[in-house]
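Okay, structure first, notes after.
No value in this document is a laboratory result; all are computed from the given coordinates. These figures come from a predicted structure and were not determined experimentally. Ideal geometry is used to build each Cβ from the backbone, glycine not excepted, and the neighbour counts take in all protein chains shown.
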C-alpha cells in the first residue's frame with residue numbers, strides 16, 4: 001500500500017523508517033524495565049547504596065522544593081498507572097505516556113538536585129548540567145540510571161563505551177529478554193545519544209564565526225577538529241540527557257513512528273507498561289536518597305499527608321522507605 005505522507009515528507013531514496021525508530025524506542029525502555037526488575041535494583045541494594053548519605057543542615061525552603069518536585073513526579077507516575085489500566089487504543093495515548101514518563105524523570109531529578117544543593121535550575125539545560133554535577137558525579141544515582149560519558153570527542157566516546165560494554169555484543173536492534181541483552185541495549189542507547197549530541201554540537205559550531213573563518217565544510221582539518229573537540233570535551237551525556245532525547249523523538253521529531261504504518265499495537269502494550277515500571281523505579285530510587293537528606297521526620301509527614309489528602313490513585317507506598 002503506498003505511503004503517501006511518508007513520500008511527501010521525505011525523498012524516496014531517503015525515507016523515514018518508522019519501524020526502526022519504534023524498535024529502538026521500545027527496546028531501550030524494555031531494557032531499563034528488565035534491569036530495574038533484577039536483583040541489582042532492589043530495596044536492600046538501594047538502602048545500602050544510600051546508607052552513607054548524610055542528612056543536611058535544616059533548610060526548610062529547599063525541603064519544600066523537594067516535596068513539591070517529587071509530588072509532580074508522583075502525579076506523572078499516577079498518570080501512567082491510569083493509562084495502563086484503561087487503554088483501548090495504544091497509538092492514541094503513547095505520546096502522552098512518553099511525556100508523562102519524561103516529566104516523572106525530570107521532576108525527580110529536580111527533587112534530587114534540591115535535596116543536594118537547594119538549587120532550582122528552572123530550565124532543562126541547567127537541570128541536566130546540575131544533575132550531572134550534583135548527582136551523577138557524586139554517585140547519588142544507581143545503575144542503570146547512573147551511566148554517563150564525560151566527553152563527546154569521538155575517540156573518547158569509542159574508548160569509554162568499549163570499557164563500559166566489555167564483551168557484551170547486544171545492541172538496540174535486539175528485543176532484550178535477559179539482563180545481558182538489556183545491558184547491551186542500554187550501552188547502545190548511551191552511545192547513540194552521544195552521537196546525536198555530537199552531531200547537534202557540530203551543527204552549532206558550523207554557525208560560529210571561528211568555524212566560518214577556517215573556510216572549510218567539515219572537521220577533517222586539524223584546526224577544525226581542534227575547534228570542535230575543545231567544545232565536545234566539555235559536553236556530557238547522562239540519563240537525563242537520554243530521557244530528554246527520548247521525549248524529543250516522540251514530541252517533536254519522528255512524527256510518523258508512533259502513529260503510522262504497520263500495526264504494532266502489541267509492542268505498544270508492553271511499552272506503556274515498561275514506561276510505568278521504569279518511572280516508578282526511578283522515583284523509588286530517589287526516595288531512598290531524598291528521605292535521608294530532608295529534615296528528620298518530614299519525609300514521613302509528607303507521605304502521611306499524601307496518604308490522607310492525595311486524590312491520585314497511585315499508592316503512596318512507592319515512596320515509603
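How many angstrom lie between the Cα centre of region 138-161 and the Cα centre of region 77-106? If you average the Cα positions of each part, the centres end up 28 Å apart. The reciprocal of the average 1/r between distinct C-alpha atoms defines the Kirkwood hydrodynamic radius, which for region 149-237 equals 14.2 Å. Note on the chain: helix-only mean residue ellipticity at 222 nm, from DSSP H runs of 4+ residues weighted -39500 (n - 2.57) and normalised by residue number, equals -21000 deg cm²/dmol.
On the beta carbon distance between residue 200 and residue 159, with R0 = 22 Å, the FRET formula returns roughly 0.55. At full extension, residue 313 and residue 221 could sit 27.3 nm farther apart than now, given 0.36 nm per residue minus the alpha carbon distance.
Between residue 3 and residue 37, the contour length at 0.36 nm per residue exceeds the alpha carbon distance by 8.3 nm. Take the Cα of residue 300, step 7 Å toward its Cβ, do the same at residue 124, and the gap between the two points is 4.0 nm.
If you sort the three axes of the alpha carbon gyration tensor as a ≥ b ≥ c, you get a/c of 1.5 or more for the chain and a/b no higher than b/c, which makes it oblate.
Extension gain, residue 138-residue 82: 0.36 nm per intervening residue step, less the Cα-Cα distance, totals 16.7 nm.
Just check region 58-179 against the gyration tensor rule for me: Cα atoms, a ≥ b ≥ c as the square roots of the eigenvalues, rounded for a/c under 1.5, and otherwise prolate or oblate depending on whether a/b exceeds b/c. Cα axes put region 58-179 in the oblate bin. Given R0 = 22 Å, the distance between the Cβ atoms of residue 233 and residue 169 translates into a calculated FRET efficiency of 0.15. In percent, rounded to a whole number, the relative contact order of region 149-237 is 41, using alpha-carbon pairs under 8 Å and six or more apart.
For region 102-156, dividing the convex hull volume of the Cα atoms by the residue count gives 94 Å³ per residue.
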